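S.K.: Got a structure for you, written out below as structure tokens; questions coming shortly.
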Amino acid sequence: MEKKELTDKINKLKKEKNAIVLAHTYQNIEIDEVADFSGDSLYLSRQAAKTDADIIVFAGVYFMAETAKILSPNKTVLLPNVKAGCDMADKINLKQLREFKAQYPDIPVVCYVNSTAEVKSESDICCTSANAVNVVKSLNTKEVLFVPDQNLGSYVESQLEGVKVITYPGYCPIHHRITTQDIEKQKALHPNAKIMVHPECKKQVTQLADFVGSTTAIIKSVKESKDKEFIIVTEKGVVQRLERDCLDKKFILINEKAVCGSMKLLHLEDIYNSLKNNEFEINVNEAIAQKARIAIDRMIKVNA
Ligand code: 13P
Ligand code: SF4
């Protein structure tokens, strides 16, 4: 099917079924053409919590669809490809979290939204990259356990005085493998470029940044900036959206390996099939969902 025909059919199905499409910033850019909301994890969670739609098609990865289902238990949540997982979320399971907690009794647990529903259900509060610092601040405590992302956890600690963030050794392979040498190499080639970094990168990398933020925060900061050249230190989808939206600015992706394979599994055909056949419905065990919802709701109430 031609792209235009496919887009028309998707839009028609969305109306007939009262469905919306939520798309993460790392999705193949063609998905944005049928997305009702595109952005970072926090923005998409908020949209999932307040939509009146009957069906949410999540163009993202598994934990995002699970989070949408937890927030909207009476809605149908579809993930067009169930193989779209997240390597970071898979780095900790319930048993591992319990063992981690047992080593540090009575310390609140903050869990990055890139985690399974079970891990959320055993945590005190969730966070995303957009609100992690404010979430930890809101706890008003001297120590927190932070799972699964060691890098986001250590970034949070660097932003708060007098708070010890004890991190679990998880990470996102796409961000974790970016090195200071990658930055230095690009900076040498583009000396005037500003360095925009996602906080899933290592501490040594975020320390070299001109700006650190979520995918939406990076895009917003670039759009508002008077600068003309930017080294983008996160996944390729951010560069593609900036190139589409900011024709007068130049963007350099930190390296060609900065691509999340799971996020790139979806194409317009998958969104169409998902809507047409109600594929694939995501459900979360109600007992787990109830506990996980408390952690996610607490996060949503914290100002980003
Ligand atoms: P954002 O919340 O910044 O969009 O990041 C989500 C994510 O999975 C990054 O890997
Ligand atoms: Fe998970 Fe990393 Fe992909 Fe984000 S970029 S979805 S953290 S594997």
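S.K.: Keeping all protein chains in place, calculate the accessible area per residue for region 68-140 (probe 1.4 angstrom), answer in Å².
M.R.: On the way: 2960 Å² over 73 residues.
Spelled out: the 1.4 Å probe surface of region 68-140, per residue, equals 41 Å².
S.K.: Given a cut-off of 22 Å, what percent of all Cα-Cα pairs of region 163-304 lie beyond it? Please report the intermediate quantities before stating the final value.
M.R.: Working: 5387 of 10011 pairs.
I get 54 percent for the Cα pairs in region 163-304 exceeding 22 Å.
S.K.: At R0 = 51 Å, how high is the FRET efficiency between HIS190 and ASP297 if r is their beta carbon distance? Nearest 0.05 is fine.
M.R.: Values: r = 43 Å, r/R0 = 0.84.
Calculated value: 0.75.
S.K.: Which aspartates and glutamates does LYS257 reach when only Cα atoms under 13 Å apart count, and residues fewer than 8 places away in its own chain are ignored?
M.R.: In chain and number order, the partners are ASP182, GLU235.
S.K.: Something else about it: May I ask you to list the GluC sites (Glu not before Pro) in region 241-288 that are in a DSSP loop and have at most 15 other Cβ atoms within 10 Å of their Cβ?
M.R.: Numbers: sites: GLU243, GLU256, GLU269, GLU279, GLU281, GLU286; in loops: GLU256, GLU279.
Filter output for region 241-288: GLU256, GLU279.
S.K.: What's the whole-number percent of alpha carbon pairs in the chain lying beyond 25 angstrom? Spell out each step's value before the answer.
M.R.: Values: 22103 of 46056 pairs.
Within the chain, distances greater than 25 Å cover 48 percent of Cα pairs.
S.K.: Considering amide H positions built from the backbone, and no H for Pro or chain starts, which residues 5 or more places from ILE252, or on another chain, come under 5 Å of its amide H?
M.R.: Result for ILE252 returns PHE230, ILE231, ILE232.
S.K.: Pull up the cross-link candidates among the lysines for LYS137, meaning alpha carbon to alpha carbon under 18 Å and not fewer than 8 places away within one chain.
M.R.: Here the lysines satisfying the reach criterion relative to LYS137 are LYS164, LYS301.
S.K.: A further question on this structure: Counting helices only, and only those DSSP H runs with n ≥ 4, report the 222 nm mean residue ellipticity of the chain as the sum of -39,500 (n - 2.57) divided by its residues, in deg cm²/dmol to the nearest 500. Walk me through the intermediate numbers first.
M.R.: Working: 14 runs with 132 residues, N = 304.
So the calculated ellipticity at 222 nm is -12500 deg cm²/dmol.
S.K.: Explain nothing, just compute: Karplus ³J(HN,Hα) = 6.51 cos²θ - 1.76 cosθ + 1.60, θ = phi - 60°, for every residue of region 80-86 in order, whole Hz, x for Gly and Pro.
M.R.: Result, rounded to whole Hz: x, 9, 6, 7, 6, x, 9.
S.K.: While we're looking at this one, here's another question. Could you go through region 248-258 in sequence order and give the Karplus-derived ³J(HN,Hα) for each residue, using 6.51 cos²θ - 1.76 cosθ + 1.60 with θ = phi - 60°, rounded to whole Hz, and x for Gly and Pro?
M.R.: Karplus-based 3J(HN,Hα) across region 248-258 equals 8, 10, 10, 10, 10, 6, 3, 7, 5, 7, 7 Hz.
S.K.: Counting other C-beta atoms within 10 Å, and keeping those with at most 15, which DSSP coil GluC sites (Glu not before Pro) do you find in region 111-194?
M.R.: Working: sites: GLU118, GLU122, GLU143, GLU157, GLU161, GLU184; in loops: GLU122, GLU161.
Hits after loop and neighbour filter: GLU161.
S.K.: Rolling a 1.4 angstrom probe over the protein heavy atoms, how many square angstrom per residue are accessible across region 208-257? Could you put the intermediate results ahead of the total?
M.R.: On the way: 2400 Å² over 50 residues.
Value returned for region 208-257: 48 Å² of accessible area per residue.
S.K.: Would you list the P(r) distribution for region 1-151, with all Cα-Cα distances sorted into 5 Å bins from 0 and each bin expressed as a whole %?
M.R.: Bin by bin from 0 Å, the calculated values are 2, 9, 17, 20, 18, 12, 9, 6, 4, 2, 1, 0.
S.K.: Shifting gears a bit: If we count every other residue with Cβ under 13 angstrom of LYS203's Cβ, Lys/Arg +1 and Asp/Glu -1, where does the sum land?
M.R.: In short, -2.
S.K.: Just want the answer: with Cβ charges of +1 for Lys and Arg and -1 for Asp and Glu, which residue in MET88, ALA117, VAL136 is farthest toward the dipole's positive end in region 1-137?
M.R.: ALA117
S.K.: Expressed as a whole percentage, what fraction of the accessible surface of region 1-145 belongs to carbon and sulfur atoms when a 1.4 Å probe is rolled over the protein heavy atoms?
M.R.: Working: 2690 of 5990 Å².
Carbon with sulfur: 45 percent of the solvent-accessible area.
S.K.: Give the long-range amide H neighbours of PHE37: residues separated by 5 or more places, or on another chain, with amide H under 5 Å away, using H modelled in the peptide plane at 1.01 Å from N.
M.R.: Sorted by chain and number, the residues that satisfy this are VAL21, ALA23.
S.K.: Right, something else. Looking at VAL77, GLN207, GLN290, which one has the Cα that reaches farthest to the positive end of the dipole of the chain (charges on Cβ: Lys, Arg +1; Asp, Glu -1)?
M.R.: Result: GLN207, furthest along the dipole toward the positive end.
S.K.: To continue, here is another question. Could you give the size of the charge dipole of the chain about its Cα centre, using +1 on the Cβ of each K and R and -1 on the Cβ of each D and E, expressed in debye and rounded to the nearest 20? Spell out each step's value before the answer.
M.R.: On the way: 42 positive and 41 negative charges, 67 e Å.
Rounded to the nearest 20 debye, it is 320 debye.
S.K.: How compact and how long is region 116-207, expressed as Rg and Dmax of its alpha-carbon atoms in Å?
M.R.: Rg then Dmax for region 116-207, in Å: 14.7, 46.
S.K.: Can you sort LEU139, LEU79 by solvent-accessible area, 1.4 Å probe, largest first? Working shown, then result.
M.R.: Details: LEU139 55, LEU79 0 Å².
Sorted descending by solvent-accessible area, the residues read LEU139, LEU79.
S.K.: Could you check the spin-label model distance between ASP8 and CYS246? Points 7 Å from the Cα along Cα→Cβ, value in nm.
M.R.: 3.6 nm
S.K.: What trypsin sites (Lys or Arg not before Pro) does region 44-120 have in DSSP loop regions with at most 15 other beta carbons within 10 Å? Each step should come with its number before you reach the end.
M.R.: Values: sites: ARG46, LYS50, LYS69, LYS75, LYS83, LYS91, LYS95, ARG98, LYS101, LYS120; in loops: LYS75, LYS83.
Hits after loop and neighbour filter: LYS83.
S.K.: Another one. Please list, by residue number, everything in region 163-185 whose backbone N is under 18 Å from a paramagnetic label point 7 Å out along Cα→Cβ of GLN204.
M.R.: Label zone hits: 170-185.
S.K.: I want the local charge near GLN181. Using Cβ-Cβ distances under 13 Å, sum +1 for each Lys or Arg and -1 for each Asp or Glu among the other residues.
M.R.: Here the count lands on +2.
S.K.: Here's another thing I want to ask about it. Which value, in debye to the nearest 20, describes the size of the charge dipole of region 77-166 about its Cα centre when Lys and Arg Cβ atoms bear +1, Asp and Glu Cβ atoms bear -1, and nothing else is charged? It would help to have the intermediate numbers written out before the result.
M.R.: Details: 9 positive and 11 negative charges, 20 e Å.
Dipole magnitude for region 77-166 comes out near 100 debye.
S.K.: Within the accessible area of region 247-295, what % is carbon and sulfur when the probe is 1.4 Å and the other protein chains stay in place? Write down the numbers at each step before the final one.
M.R.: Numbers: 1320 of 2570 Å².
Roughly 51 percent, rounded to a whole number.
S.K.: Of LYS9/LYS291; LYS203/LYS249; LYS12/LYS264; LYS12/LYS228, which pairs sit farther than 32 Å apart, going by alpha carbon to alpha carbon?
M.R.: Details: LYS9/LYS291 38 Å; LYS203/LYS249 27 Å; LYS12/LYS264 24 Å; LYS12/LYS228 39 Å.
Going by Cα-Cα distance, LYS9/LYS291; LYS12/LYS228 fall outside the 32 Å limit.
S.K.: So for the chain, taking the charge dipole from beta-carbon charges (+1 Lys/Arg, -1 Asp/Glu), which of ALA19, PRO191, LEU97 sits furthest toward the positive end?
M.R.: So the residue furthest toward the plus end is PRO191.
The values are calculated or read from the model by the stated rules, or taken from the named source; none is laboratory data. All values derive from a computational prediction rather than experimental measurement. Note: ideal-geometry Cβ built from the backbone for every residue, glycine included; neighbour counts use all protein chains shown. The protein model used for the area step is the full one, side chains on, heavy atoms only, and it has no ligands, DNA or RNA in it. Shrake-Rupley method; radii C 1.70, N 1.55, O 1.52, S 1.80 Å.
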